[in-house]
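Heads up: the structure comes next, in structure tokens.
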Amino acid sequence: MKVIIIGGVAGGASCAARLRRLDEHAHIILVERGPYVSYANCGLPYHVGGVIEKEAKLLVATESYLRSYFNLDVRSNCEAVAIAPKEKTVRLRNVSTGEEITEAYDRLVLSPGGDAVRPPLPGIDLPGIFPVRTVPDARAIREWVERNGAGGRKSTAVVVGGGFIGLEMAENLVHRGFDVTIVEMLDHVLAPIDTEHAMVVEAHLQAHGVRLAMGDAVASFAKGTTTALEVRTKSGKNYPADVVILALGVRPNASLARMAGLEVGELGGIRVDERMRTGDPDIFAVGDAVEVKDFVTGRWTLIPLAGPANRQGRIVADVIAGRDARFRGTQGTSIIGLFGAAIAWTGASEKTLRRLGDTDWERVFMYPNSHAAYYPGAKPIMMKVIFRRSDGRLLGVQAFGEDGVDKRVSAIAALIQMGATVYDLEESELCYAPQFGSAKDPVNFAGMVASNVMRGDFSVTSWANARDGYVLDVREENEFALEYVAQAVNVPLPQLRARLSELPRDRTINVICKAGLRGYYATRILLQHGFDARVVTGGMLLIARIDPSAVRSTPLPAPK
Ligand code: FAD
């Protein structure tokens with residue numbers, strides 16, 4: 001059997017190596033347009049930043065390794081230019097010589113990835129403007145910034161796009177000593193997450209010196225006067241830049257598939273079934289180039305991530321080798337490290353559910369510690385858990401913090417993939433010692449809070465719904481004095497039972513505290529005394545982020 005794989009990086013290389021392990025006799029040709037196969041594009045921002053100093057470290061498996069260990073017929077600098085499905089042939093062009101040949105296949109796998117979005121803006125081809133997709137891209141950026149020093153003043157960089165690659169590049173350029181501005185068309189960074197977490201990420205970026213220009217799109221690039229470039233935005237602002245990074249996302253590279261008459265979906269990705277098979281039974285497609293089913297919403301989506309690409313490549317190898325493998329769909333599970341913190345998410349966001357007109361969901365915010373509070377170094381994790389109101393099924397989670405974010409979101413992601421509910425989260429058995437977690441791990445804690453809501457022990461509301469109603473703040477008087485919302489009545493939790501007569505019985509009482517725990521205790525007391533009460537999820541910590549104008553603070557007395 002002869003198998004041609006187009007695209008020799010995440011999905012393609014993973015498919016080729018797995019197929020060899022399953023079929024020692026197949027002739028496997030791995031075709032790659034660029035000079036390198038199987039390289040770590042996820043490591044590129046860190047090579048630019050100098051964290052991964054040696055370029056060679058990015059080459060996960062070299063061509064000679066793939067040849068000698070897996071007996072693969074690797075053809076780098078070789079571009080597939082046409083597919084003839086009826087004849088079962090592929091036209092291959094040697095990128096260096098231009099020479100073309102035709103190769104026949106029994107099975108064909110497309111893993112051509114995505115094309116970096118590059119809008120046709122005036123000046124976009126000026127020197128000093130770079131995408132970050134390949135090893136040569138990273139090398140070009142490094143060479144440019146080394147050659148074009150700022151001559152005594154601080155170097156400046158503009159990153160166009162506030163997605164995960166844009167943010168990673170911003171962090172790495174700050175590490176290199178740049179003054180960085182991120183220009184983003186949307187009103188917040190990281191489109192897949194909700195506003196509350198995005199605002200926290202933005203504050204964290206700003207605290208580390210990154211400037212943000214949100215809700216503004218780039219209109220043009222021009223040569224600068226004091227810097228190599230100037231970035232002009234639609235709102236009329238000018239940002240000087242010694243280097244510009246384009247991180248506007250990727251579009252599925254479906255051109256070959258389209259030319260071959262294969263189905264391409266509405267989102268522009270190659271359509272495949274759960275075995276990653278296109279409409280042609282001998283042609284498969286994987287990775288950034290395909291549309292996949294969102295595991296949570298059941299809709300077609302594009303998820304350009306390394307995990308799904310690698311798993312899909314492996315599944316195709318299994319299917320070609322005659323095994324019954326299927327892709328389960330994806331949840332878009334992601335994580336980004338930013339200046340010592342991490343933001344991670346999986347599953348559906350509130351924004352996505354609203355866009356789809358879905359109303360059968362609830363969400364809770366919490367701030368559990370990353371490990372037992374008494375053990376040094378515990379840090380709060382800001383978590384948002386979204387679940388089905390009707391049956392408690394987990395839909396999504398978003399988390400931000402300086403410690404333990406990855407394992408919590410990974411654990412919940414695995415549970416979501418198993419179709420788990422908030423009750424499963426509550427009962428999950430996780431490893432625990434004080435330096436790693438808590439006897440009630442944040443994962444359990446999230447399940448407990450959400451399960452309490454499901455069981456009707458208490459209900460939650462958002463600040464937007466609560467702010468015009470009766471607001472009861474149950475924090476201590478000294479906390480309230482420092483920071484409060486103007487409409488709140490303060491009855492500290494320890495005094496609540498004695499002061500119930502002060503509270504209205506004809507109104508809904510919206511209870512706030514710092515993070516939610518005391519609000520929950522108070523709400524349980526109130527409900528059992530016949531009041532109509534609910535917790536404002538996220539408490540003052542969240543209100544201060546999302547509605548700072550609602551928060552008053554008493555200035556501290558001047559030092560004597
Ligand atoms: P790719 O890995 O992009 O490989 C496609 C290859 O096909 C390319 O090398 C291309 O040259 C080749 N090709 C295209 N057309 C042809 C043709 N006609 N003939 C021959 N060859 C062709 N994902 C994460 O999950 N976590 C991360 O932290 C992360 N960080 C990233 C950082 C950066 C800077 C980038 C660029 C991506 C990052 N990703 C990350 C995304 C991840 O790398 C991709 O989702 C993954 O590589 C997709 O795999 P793929 O096989 O579909 O495409």
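The values are calculated or read from the model by the stated rules, or taken from the named source; none is laboratory data. Predicted model only: the values in this text are computed from it and were never measured. When we count neighbours, we look across all protein chains shown, and the Cβ atoms used for this are built from the backbone with ideal geometry, even at glycine. Just so you know, the surface numbers come from the protein's heavy atoms only, side chains and all, with ligands and any DNA or RNA stripped out. Shrake-Rupley method; radii C 1.70, N 1.55, O 1.52, S 1.80 Å.
For region 137-282, the normalised intensity computed at q = 0.10, 0.17 Å⁻¹ comes to -0.46, -0.94 (log10 of I(q)/I(0), Debye sum over alpha carbons, equal scatterers, no solvent). Across the chain, the fraction of Cα-Cα pairs farther apart than 29 Å, rounded to a whole number, is 61%. Binning the C-alpha pair distances of region 217-365 at 10 Å intervals from 0 yields a P(r) profile of 10, 27, 25, 24, 12, 2, 0 %, listed from the shortest bin outward. So how far, in whole Å, is the C-alpha centre of region 403-440 from the one of region 135-179? Each part reduced to its Cα centre gives a spacing of 37 Å.
Add -39500 (n - 2.57) for each DSSP H run of 4 or more in the chain, then divide by its residues: what number comes out at 222 nm, to the nearest 500 deg cm²/dmol? Show your work: numbers first, answer last.
Details: 16 runs with 152 residues, N = 560.
About -8000 deg cm²/dmol.
Packing-based ranking of 376-382, 219-225 yields 376-382, 219-225, ordered from highest to lowest mean Cβ neighbour count within 10 Å. Summarising the strand pairing of region 1-130, around 50 percent of its internal DSSP beta bridges are antiparallel. Semi-axis lengths, largest first, of the ellipsoid equivalent to region 487-560 are 25, 15, 11 Å, with √(5λ) applied to each eigenvalue of the Cα gyration tensor.
Run through the DSSP bridge list for the chain and note the antiparallel percent, rounded to the nearest 5. Before the final figure, lay out each step's value.
Numbers: 57 of 103 bridges.
Among the beta bridges of the chain, antiparallel pairing accounts for roughly 55 percent.
Computed about the Cα centre, the dipole magnitude for the chain is approximately 260 debye when only Lys and Arg (+1) and Asp and Glu (-1) carry charge, each at its Cβ.
Based on C-alpha pairs under 8 angstrom that are at least 6 apart in sequence, the chain has a relative contact order of 11 percent.
Restricting the calculation to Cα atoms, region 1-145 yields a radius of gyration followed by a Dmax of 16.7, 52 Å.
Return the loop-located chymotrypsin sites (Phe, Trp or Tyr not before Pro) in region 349-451 (DSSP other than H, G, I, E, B) with at most 13 other Cβ atoms within 10 Å of their own Cβ; answer none if there are none. Mind dumping the intermediate values first?
Numbers: sites: TRP361, PHE365, TYR374, PHE387, PHE400, TYR423, TYR432, PHE436, PHE445; in loops: TYR374, TYR432, PHE436.
For chymotrypsin sites (Phe, Trp or Tyr not before Pro) across region 349-451 that sit outside H, G, I, E and B with at most 13 neighbouring Cβ atoms in 10 Å, the list reads TYR374.
Compute the accessible area per residue over the chain, keeping the other protein chains in place, probe 1.4 Å, unit Å². Spell out each step's value before the answer.
Values: 24540 Å² over 560 residues.
The answer is 44 Å² per residue.
If you line up the long axis of helix 442-454 against the longest principal axis of the chain, both from Cα atoms, how many degrees apart are they, to the nearest 10? Taking Cα atoms only, the helix is inclined about 60 degrees. Think of the chain as a dipole: +1 on every Lys or Arg Cβ, -1 on every Asp or Glu Cβ, centred on the Cα centre; then among THR227, GLN398, SER111, THR227 lies furthest on the positive end.
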